[in-house]
Amino acid sequence: MTYKIWFNVPTWLGPEQDAIAAAIAGRKFSGDGPWTHRCHTLLQSSLGVSKALLTTSCTHALEMAAILLDIQPGDEIIVPSFTFVTSINAFVLRGGRPVFVDIRPDTLNIDETLIEAAITPATKAIVVVHYAGVACEMDTIMQVAARYGIPVVEDNAHGLFGKYRGRWLGTFGALATQSFHETKNFQCGEGGALLINDPRYAERAEIVREKGTNRSRFFRGQVDKYSWVDIGSSYLPSDLLAAGLSVQLEARETIQNARRALWERYDQELASWAADNDVTTPTVPDGCEQAYHMYYLLLPSLEARTALVEHLKALGILAVFHYLPLHLSEMGARFGGRAGDCPVTESVSDRLLRLPFYTNMTDDEQRQVLDAVKTFQRYTISSSSSATSS
């Protein structure tokens, strides 16, 4: 089906095309060229991280994190059930076992009050996900992690340039990962980054990223030849992708300001409609400066969400749900996941709907979405629920 308004349109400012053309003219297409290094510098200087390394995806950045933390078979990884599969699959690939923790009903982030009870002598990492670019309760999480000596990994795919109590997301854990997939605020089609906040991991991260060789040190003139020194894989993105990405990172304020305006318009204009129709809108706690990654609605039931999806579809608008509970998946069941383990996750997964939201969204496009949502009233929900159950 062709939609008038798609759920996502990749961020595109225009100058990316010139940067990619310049990269082509420079005849350096493979990884770690000048444009890649420009992205590294931009991330390091803007966030204040010890080291940033572009990767081919956020998934691969997470795989690197699992290697750097030396995850072994049987090691347990605490992770929210409400997240994308690669938040944990990267660790399962190393033999890790997920320990699923439920989420908070307000921010939909991992419930920090449940983490300590999930820790065992086998716990080797805590993975937190800043859902929708709103920060987890990092003070509590880092205190618990420090008390048990467990490293924290931030899956910050949604949260680049968001903050918690004045500090950038992605700068709390020993390691953090970013996504530059085309659905993210900053995109190069496919891409990611590993942020290294604990300098102890920096040198080995370069080796793991370069197929287990010390090739990076060779190119810096620190060794006279390079060889195989560790495990690793090929995690370097093309310099052509980095060229386009660098333009967007340099224009981060422009991009974030545009997304903020879109988010705030949704939130302001849908407030009274949501209250009248038993719909919950996103929560951003005090002390959190969100990244404006998405705008979602929590409908009162699965039936109501299904009805709203169909209502918008009939008007040519694509709105989508999000994660299915990992503990209820086929793989999750292999690790002992059962219905009822994470009740908030199970409820939210059935009821959450993401509205179209992208950097280049026009006022008219957003107006069409707003008008369409507002025509979906409580009586529509009730009649659709009755029709579904009959």
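The values are calculated or read from the model by the stated rules, or taken from the named source; none is laboratory data. The structure displayed is predicted, hence computed values, not measured ones. All Cβ positions, glycine included, derive from the backbone under ideal geometry; neighbour counts span all protein chains shown.
A few points about this structure:
- Qualifying positions in the range 73-108 - of a type outside the set (A, V, I, L, M) and in contact with a Gly (Cβ under 9 Å, 6 or more places away or on another chain): 73, 74, 75, 76, 81, 95, 96, 97, 98, 100
- Selection within the range 57-99 - part of a loop (DSSP other than H, G, I, E, B) and of a type in the set (A, V, I, L, M): 69, 71, 85, 93
- Answer residue from the range 179-193, given it is of a type in the set (S, T, N, Q) and in a loop (DSSP other than H, G, I, E, B) and is surrounded by the most Cβ atoms within 10 Å (Cβ to Cβ) among those: 185
- The helices (runs of 4 or more DSSP H) located wholly in the range 288-361 that include 1 or more residues which are modelled with pLDDT of 95 or more and in contact with a Lys or Arg (Cβ under 7 Å, 6 or more places away or on another chain) occupy 302-314, 343-351.
- Failed item in (1) more than 23 Å from the chain's Cα centre (by Cα); (2) modelled with pLDDT of 95 or more; (3) charged (D, E, K, R), with residue 198 passing the rest: (1)
- Selection of the range 202-238 for residues being of a type in the set (S, T, N, Q) and in a loop (DSSP other than H, G, I, E, B) yields 214, 222, 227, 233, 238.
- Of all residues in the range 1-56 being under 19 Å from residue 254 (Cα atoms) and outside any helix (DSSP H, G or I), the one that is farthest from the chain's Cα centre (by Cα): 14
- Of the residues screened, residue 16 is one that is buried (at least 18 other Cβ atoms within 10 Å of the Cβ), more than 15 Å from residue 177 (Cα to Cα) and touching a residue at least 40 places away in the same chain (Cβ under 8 Å).
- Considering 105, 121, the condition of being surrounded by fewer than 19 Cβ atoms within 10 Å (Cβ to Cβ), closer than 22 Å to residue 352 by Cα and not hydroxyl-bearing (Ser, Thr, Tyr) is satisfied by 105 alone.
- Screening the range 269-310 for residues that are within 18 Å of residue 370 (Cβ to Cβ) and of a type in the set (S, T, N, Q) and picking the one that is surrounded by the fewest Cβ atoms within 10 Å (Cβ to Cβ) gives 272.
- Selection count, the range 128-147, where residues are farther than 14 Å from residue 171 by Cβ, over 12 Å from the mean Cα position of the chain (by Cα) and either of a type outside the set (D, E, K, R) or modelled with pLDDT under 95 (or both): 5
- Odd one out for residue 174 among (1) within 30 Å of residue 358 (Cβ to Cβ); (2) under 19 Å from the mean Cα position of the chain (by Cα): (1)
- Scan of the range 125-156 for residues that are closer than 26 Å to residue 260 by Cβ and either of a type in the set (D, E, K, R) or assigned to a loop (DSSP other than H, G, I, E, B) (or both), ordered by number: 130, 134, 135, 136, 137, 139, 154, 155, 156
- The range 264-281 residues that are closer than 14 Å to residue 376 by Cβ, paired with ones that are in a loop (DSSP other than H, G, I, E, B) and among the β-branched types (Val, Ile, Thr) (beta carbon under 7 Å, 6 or more apart): 270/281; 274/281
- Options 142, 138: the member that is in the same structural domain as residue 203 (by TED's automatic domain parsing) and surrounded by fewer than 24 Cβ atoms within 10 Å (Cβ to Cβ): 142
- Hits in the range 58-107 (condition: in contact with a strand residue (DSSP E or B) (Cβ under 9 Å, 6 or more places away or on another chain) and at positive phi): 70, 74
- The set of residues in the range 162-178 being buried (at least 24 other Cβ atoms within 10 Å of the Cβ) and on the phi > 0 side of the Ramachandran plot consists of 170 alone.
- Residue satisfying condition, being farther than 30 Å from residue 311 by Cβ, of a type outside the set (Lys, Arg) and touching an Asp or Glu at 6+ places or on another chain (Cβ under 8 Å), within set 14, 33: 33
Residue-by-condition table, conditions (1) free of Cβ contacts under 8 Å to residues at least 60 places away in the same chain; (2) farther than 23 Å from residue 216 by Cβ:
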residue: 161; (1), (2): no, yes
residue: 167; (1), (2): yes, yes
residue: 185; (1), (2): no, yes
residue: 189; (1), (2): no, yes
residue: 194; (1), (2): no, no
residue: 198; (1), (2): no, no
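- Matching residues, the range 224-250, being surrounded by fewer than 19 Cβ atoms within 10 Å (Cβ to Cβ), touching a helix residue (DSSP H, G or I) at 6+ places or on another chain (Cβ under 8 Å) and not hydroxyl-bearing (Ser, Thr, Tyr): 224, 225, 229, 230, 231, 250
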